[in-house]
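The values are calculated or read from the model by the stated rules, or taken from the named source; none is laboratory data. All values reported here derive from a predicted model rather than from experimental measurement. Please note: Cβ atoms are built from the backbone with ideal geometry, for glycine as well, and neighbour counts cover all protein chains shown. Quick note on the areas: whole protein, heavy atoms, side chains included, nothing else; ligands and nucleic acids left out. Shrake-Rupley method; radii C 1.70, N 1.55, O 1.52, S 1.80 Å.
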Amino acid sequence: MLKISHKRQLALKACELLRADRWWTSVDRWCGLVTLNYHRFGDRTSTPCDPGVFSATAEQFESQIRFLKKNCDLVSVSDLADVIRPGNRRRAILLTIDDGYLDNYEVAFPILRSHGAPAVIFLATGLIEQPKVAWWDEINWIVRRMGGGELRMPDQWHLEPLGVTEETLNTVLDRLLRIAKTLPPSQLESLLADLAASSGIGRAPIT
């Protein structure tokens, strides 16, 4: 199976922004399997949660699906054995969607269905059994609702006081998200509780 470079995968994922139609015709013809990963669908500029997990608007996603279906094979998991067998010359794309946000069903699913395009959705099953806001979304929700001011976290998090302004917002969020990614579930809950208390905002409501 021909390996597709990371740079080419990123170019394909950014179909609309990078004018993938031009990129596609400029590279050597390839065969094999490329997996494209999505998370959320909608307008990242209007969300109170983490905008970094939005992969495409509805319009962008439909444009990408239309383009991909025209230029290669959109495959399902059941096709993978054939796709990776020696000598296969298919240009295969496996679409995957992480976490199972509601917009996966309300926005992405109708587009996939209308184009007959298969996709794999990886559900965060823990959020089904115990409904709560995903930790990365809750961190964003709390900090963005502060509007401004100074955030002083307990000493155990080894964070100097963080000034939250429009200019420093992304830096503050990046530091908190980096810490959160290193924590086991029990400590992660402690971080969220301390953040909610220190900010004066409280915990994000389950909607």
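Conditions first: (1) part of a helix (DSSP H, G or I); (2) open to solvent by 40 Å² or more (accessible area, probe 1.4 Å); (3) touching a residue at least 24 places away in the same chain (Cβ under 8 Å). Trp141 passes all but one, so which condition is the exception?
If we test Trp141 against (1) part of a helix (DSSP H, G or I); (2) open to solvent by 40 Å² or more (accessible area, probe 1.4 Å); (3) touching a residue at least 24 places away in the same chain (Cβ under 8 Å), just (2) comes out false.
Of Ala117, Ala134, Ala180, which residue is in contact with a strand residue (DSSP E or B) (Cβ under 8 Å, 6 or more places away or on another chain), surrounded by 13 or more Cβ atoms within 10 Å (Cβ to Cβ) and modelled with pLDDT of 95 or more?
One residue alone meets the criteria, Ala117.
Would you mind telling me which numbered condition in (1) without any contact (Cβ under 8 Å) to a residue 24 or more places away in the chain; (2) open to solvent by 30 Å² or more (accessible area, probe 1.4 Å); (3) in contact with a Ser or Thr (Cβ under 9 Å, 6 or more places away or on another chain) Val164 fails?
(2)
Restricting attention to strands (runs of 3 or more DSSP E) lying wholly within the stretch 32-128, give those where 3 or more residues are not small (Gly, Ala, Ser). Full working, then the answer.
Numbers: elements: 32-38, 54-56, 73-75, 91-99, 120-123.
Correct list: 32-38, 73-75, 91-99, 120-123.
So, in the stretch 164-177, how many residues would count as being of a type in the set (D, E, K, R) and in contact with a strand residue (DSSP E or B) (Cβ under 8 Å, 6 or more places away or on another chain)?
Number of matching residues: 1.
State which residue is modelled with the highest pLDDT when the search covers only the stretch 40-60 and only residues that are touching a helix residue (DSSP H, G or I) at 6+ places or on another chain (Cβ under 6 Å) and open to solvent by 50 Å² or more (accessible area, probe 1.4 Å).
Per the stated criteria, the residue is Arg44.
Report yes if Gly147 is small (Gly, Ala, Ser), closer than 19 Å to Gly202 by Cα and open to solvent by 60 Å² or more (accessible area, probe 1.4 Å), otherwise no.
yes
From the list Ala196, Ala204, exactly one residue is assigned to a helix (DSSP H, G or I), of a type in the set (Gly, Ala, Ser) and surrounded by 13 or more Cβ atoms within 10 Å (Cβ to Cβ). Which is it?
Ala196
With respect to Leu33, is the statement that it is modelled with pLDDT under 95, surrounded by 13 or more Cβ atoms within 10 Å (Cβ to Cβ) and closer than 21 Å to Phe122 by Cα true? Reasoning before the result, please.
Values: modelled with pLDDT under 95: yes; surrounded by 13 or more Cβ atoms within 10 Å (Cβ to Cβ): yes; closer than 21 Å to Phe122 by Cα: yes.
Yes: the conditions hold for Leu33.
Of the residues that sit in the stretch 74-97 and are open to solvent by less than 40 Å² (accessible area, probe 1.4 Å) and of a type outside the set (A, V, I, L, M, F, W, C), which one is nearest to the chain's Cα centre (by Cα)?
Thr96
When the stretch 83-121 is examined, which residues are found to be of a type in the set (Lys, Arg) and either closer than 25 Å to Trp135 by Cα or free of Cβ contacts under 8 Å to residues at least 60 places away in the same chain (or both)?
Arg85, Arg89, Arg90, Arg113
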